[in-house]
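Engineer: The following block contains the structure, expressed as structure tokens.
The values are calculated or read from the model by the stated rules, or taken from the named source; none is laboratory data. Every value quoted in this text rests on a predicted model; they were computed, and no experiment measured them. Every residue, glycine as well, gets a Cβ built from its backbone with ideal geometry; the counts of neighbours run over all protein chains shown. Surface areas here come from the heavy atoms of the whole protein model, side chains and all, with no ligands, DNA or RNA. Shrake-Rupley method; radii C 1.70, N 1.55, O 1.52, S 1.80 Å.
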Amino acid sequence: MAGKTSERLWFEHGLLPSGWASGVEITISDGTIEEISTGVMPPSGGVRGRTVLPGLPNLHSHAFQRAMSGLTEVRGNSQDSFWSWRSLLYQFASRIRPEDIHAITAMAYAEMLEAGFTRVCEFHYLHNAPDGGRYDDPAEMAGQVIRAADDAGMGLTLLPVFYAHAGFGGQPLAEEQKRFGNDAGSFARLLEAVGQHTANQTDFVLGIAPHSLRAVTPDELGELILLDKGGPIHIHIAEQVKEVQDCLAWSGARPVDWLLHNAPVDGRWCLVHATHTDDRELHRIAKSGAVAGLCPVTEANLGDGIFDARAYISYGGHYGVGTDSNVSISASDELRMLEYSQRFKTLSRNVMAGEGYASTGRALFEGALAGGGRAAGIPVGLAPGNPADLVALSEADLPEAAIGGDRLLDAWVFRGKSNVVSDVWRRGRHTVKGGQHIHRAGIEARYRAVLEALIS
Ligand SMILES: [Zn+2]
């Protein structure tokens, strides 16, 4: 058995739960932060950096969709929308084999680490063989995602998705959705089979994800909740106007309204998108303790609409950000798009700063950190006992790194330079060095080979 490993890192500035500190020395032992001291003089040797931040959780991802990035920006017809995009997605998904999902996911996770995300909530629904038949191992595809997270060194909260119907009222799955399908029994077997793939995982978290109210009947939702063992519960909700209309036609209630009346929604839940919610629904999400899972870049890309974050944060609502379709993978892009969407909507500036924050960058970062941790089911922040998930920003690309403080976060979020993350430690492992994932070459070569075959 390997002995206990211990390491000390020193940074000029660091963002701690109590705020900014200088001369920050972090002692890491077996992947966990053992101790943090401040006001420490720089060491003569060892690792030193300018500014350290806690790693951000990415609360919503469909990693395989990374391979479609850039392939759907062609106007297909006069009504190009989320729904026409989804048809392309289904065609693409039908070709992905287990080894493909491994290569694509490893690439997406390496890029997430390079962008400053140290954990991902993977909303995984590609379970079955292309013809809809079951693999011998129900967790064949999920196991590839777990292996990819391991290869990239990414923290994983896996959310196996329950997807059984094509629309409200228990409509049968369409042919092209059969890869996603389960019933309650096969889903229970899938959850159990995931355990066979997680023996080496130190801080793996398993949750569940009823796909949406479109895809799950009320009875199934009740059964699913019983299968959950205390992990996070994520659901897509109210992403589309049509979805709200269909839900109203089916039940007489709006989706968020229906969910809050019919499920025990609390702090373990993440309501992904929640884009089309009225004021009363926003207030009740905030009161429930659930996290609104905002994916501003994907929501912009798909023409979904704009979440009313100004009202929501005024009610004390929790939120985090996710890269969802992975059309781009960037923590700063998500945070910037979130703020800018609110500026478009409210015709005002610095909306997400809300009460008590002078800096919008700081408010966005800390909001996404806390909400992301809650949605991922993990402790976050630079504090003893937490996983040593650290992100250092590049002094060369971000002169503010020399100054530290909120100005640094504002510059990172708003200046729009593509990547200013220089180094990332994930559970104490130095995974990104000089802006590059340590295994990028091999991961990228495998990804390119798969991509060429898929799009040829
Ligand atoms: Zn999604």
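Engineer: Could you run the Karplus curve 6.51 cos²θ - 1.76 cosθ + 1.60 with θ = phi - 60° over region 7-15 and give me ³J(HN,Hα) per residue in whole Hz, x for Gly and Pro?
Structural biologist: Listing the rounded values in order: 8, 10, 10, 10, 9, 5, 9, x, 9 Hz.
Engineer: For the chain, give the percent of accessible area contributed by carbon and sulfur heavy atoms, probe 1.4 Å, rounded to a whole number.
Structural biologist: Details: 8810 of 17710 Å².
Its accessible area is 50 percent carbon and sulfur atoms.
Engineer: Still on this structure: Under a plain spin-label model, where a point goes 7 Å from the Cα along Cα-to-Cβ, how far apart in nm are Ile225 and Thr27?
Structural biologist: Going by the 7 Å Cα→Cβ label model, 4.6 nm.
Engineer: Here is a further query. Taking K and R as +1 and D and E as -1, what net charge do the other residues with C-beta under 12 Å from the C-beta of Glu334 add up to? Don't skip to the end; give the middle numbers.
Structural biologist: On the way: positive: Arg336; negative: Glu299, Asp324, Asp333, Glu339.
Summing Lys/Arg as +1 and Asp/Glu as -1 gives -3.
Engineer: Could you work out the relative contact order of region 110-209? I mean the mean sequence separation of Cα pairs under 8 Å and 6+ apart, divided by the number of residues, in percent.
Structural biologist: Numbers: 141 pairs, mean separation 35.1, N = 100.
That works out to 35 percent.
Engineer: Over all directions, how big on average is the projection of the convex hull of the alpha-carbon atoms in region 181-261, in square nanometres? Write down the numbers at each step before the final one.
Structural biologist: On the way: hull surface 24.8 nm².
The orientation-averaged projected area of the Cα hull of region 181-261 comes to 6.2 nm².
Engineer: State, as an integer percentage, the relative contact order of the chain based on alpha-carbon contacts under 8 Å between residues 6 or more apart.
Structural biologist: Values: 977 pairs, mean separation 90.3, N = 456.
Answer for the chain is 20 percent.
Engineer: Starting from a Cα-only point model with no solvent, please compute log10 I(q)/I(0) by Debye for the chain at q = 0.06 1/Å.
Structural biologist: Calculated log10 I(q)/I(0) at the listed q: -0.24.
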